[in-house]
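Note sheet for the following structure.
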Amino acid sequence: MRTASRASQDVAPGKKATAGGLRVRIIHGPNLNLLGTREPAVYGHASLAELDAELDALGRGLQLNIDCAQANGEGELIDLIHQARAEHDGIVINPGGYTHTSIAIADAVTAVALPTIEVHLSNLYAREPMRHLSIVGGACLGVIMGLGKRSYHLAIQHLASVLTTTTPRAPMGPASRPNHHV
C-alpha cells in the first residue's frame, strides 16, 4: 500500500524525503496474513487489510507515506528489509515467529541502518517461554508489544518523531544498543 501525503517541513539531514513525504515500510511476518481469523483472542478480530488501512490513515496524518508488505518466508522478509534501504526512511517490523529464531533478519535490520521498531500484537512475555527472547529486537531502536493494533500505531508515531528531528542520529548496531522492550 503506497500513499501520497504532504512533505514533512522539518526533515532530518540525509533522509529520503520526496515530494510525497517521508516513507515508512511496514513489514508483517509469517501468518499475519491470517489476522482476523487466526486466534482472534490473541491477535484480535481485524484483518490485515483493515490494519493496513488504519496504518495508512495514521501515516497520512503524520505526513508519512506508509508502504505495507507481508511475507511468510524468512528470505522474503530479508528482501523487503533490503529494498527498504533504497526506498524508505524507516521500518516497522513484526517478524512473527522469526522474532525468536532469525539472526539473518536481525543482521538485515543492522545492515540497512534504518531506524527500525519491532512490534507485536501480543505480549510475548505473557506467552510461552520460547517467545520471551527477541533476536530481532536487539537490532532495533525499540520493541513495542502487547497493545494489539496500538503497538503498530505507537511505532509509527515514534518513527515520525525520529525521522523529523533535525538532530542526525547515528545508526546503532546490536553491540552498542541494549535490548530494551518498551
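Here, each number is a calculation from the coordinates, and none is a lab measurement. All values derive from a computational prediction rather than experimental measurement. Cβ atoms come from the backbone with ideal geometry, glycine included; neighbour counts cover every protein chain shown.
Under unit Cβ charges (Lys, Arg +1; Asp, Glu -1), what dipole magnitude, rounded to 20 debye, does the range 22-164 have relative to its Cα centre?
With only Lys, Arg, Asp and Glu charged at Cβ, the dipole is about 320 debye.
Arrange Cys140, Cys68 by Cβ neighbour counts within 10 Å, fewest through most, would you?
So the ranking, lowest neighbour count to highest, is Cys68, Cys140.
What are the semi-axes of the equivalent ellipsoid of the range 22-164, taken as the square roots of 5 times the eigenvalues of the Cα gyration tensor, listed largest first and rounded to whole Å?
Value: 20, 18, 14 Å, ordered largest first.
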